[in-house]
1. Just to be sure before I move on: is S63 over 13 Å from T118 (Cα atoms) and modelled with pLDDT under 95 in the structure I sent?
2. Go over the candidates K38, K78 one by one and state the one that is basic (K, R) and either crowded, with 21+ Cβ neighbours inside 10 Å or under 23 Å from S138 (Cβ atoms) (or both).
3. Test of understanding: among M99, M91, which residue is under 18 Å from the mean Cα position of the chain (by Cα), assigned by TED's automatic domain parsing to the domain that holds C25 and either surrounded by 13 or more Cβ atoms within 10 Å (Cβ to Cβ) or more than 30 Å from P175 (Cβ to Cβ) (or both)?
4. If you take the residues of segment 2-25 that are more than 21 Å from F101 (Cα to Cα) and surrounded by fewer than 13 Cβ atoms within 10 Å (Cβ to Cβ), which of them is modelled with the highest pLDDT?
5. Residue pairs, Cβ under 6 Å, 6 or more apart or interchain, first in segment 17-30 and among the hydroxyl-bearing types (S, T, Y), second in a helix (DSSP H, G or I). List them.
6. Please work out which residue is surrounded by the most Cβ atoms within 10 Å (Cβ to Cβ), limiting yourself to segment 199-234 and to residues that are assigned to a loop (DSSP other than H, G, I, E, B) and charged (D, E, K, R).
7. When you check E143 against the structure, is it among the charged types (D, E, K, R), within 22 Å of the chain's Cα centre (by Cα), in a helix (DSSP H, G or I) and closer than 30 Å to G24 by Cα, yes or no?
8. Could you run through segment 183-198 and say how many residues are within 24 Å of the chain's Cα centre (by Cα) and surrounded by fewer than 13 Cβ atoms within 10 Å (Cβ to Cβ)?
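The values are calculated or read from the model by the stated rules, or taken from the named source; none is laboratory data. Here the structure is a predicted model, which is why all the values come from computation and not from measurement. A quick note on method: Cβ atoms are made from the backbone with ideal geometry, for glycine too, and the neighbour counts reach across all protein chains shown.
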Amino acid sequence: MRQVPNKKISYLIIGGGRLATHLGCYFNYCLIPFTQWKRSDGTDLFHLVAEHQKILCAISDDSLIEFIEPLKKQFPNKKYIHFSGFVYSAMADGTHPLMSFGTKMLTLYEYEVIPFITENGKTSFNELFPELINPSFSIPGKEKPLYHAWCSMAGNFTSMIWITLRKQFEIWNLPASVVQPYLQQIVHNALSIAPQVTGPIVRGDQETIEGHKKALENSIYLELYQAFEKIIQREHMV
């Protein structure tokens, strides 16, 4: 448990994982008073909830509703906030930071530019966190599963591919840095006004495509290649 001293405490951060740690770091940068609680602390959670107005639940999606329910029953007038991009519940306000958090803490500027996605018709991000200047947007709450599925595919799935590529390059004694210009250009192209898919599938280079699949025939990634082949043919070769 930690807090910024000599200030009136209004925020209680619940959780001990990466998100909770990054939230605490960001709040410290901004001199926002808070207390952090995690199960291993051994302190009375209900006592801390009673002392704070805003309860920030930075815990796993599967645990959120079950965790918040008894707290809300005991303290119905508290403001409960979660950070899941998937969960939508009347028991709490959701605000999802559109960012991938690693073990390294960010700079203040890097925290300030993270977009937060809230839910239509519920408390706005500026009302939830008036001390913060992050950009914020809202979507229909019932659309959050689709929103989060796309975020996961675009972020987690592509990260898996790049990590696997690096491992393969290591076998060929190619340095990890060799992919950096290529990756940077791919991101630049994807963020352009008129993004376009390139490569042999779009060009219809059938001999190259068949060669790719032959090279991958003993790999689980052959199924992934074939799935993307179908998607590109359907979505980008009309």
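1. Yes; evaluated as a whole, the condition is true for this residue.
2. K78
3. M99
4. K8
5. Matching pairs, first to second residue: Y26/Y111; Y29/L108.
6. Only one residue fits best here, namely D205.
7. Criteria met by E143.
8. The qualifying residues number 10.
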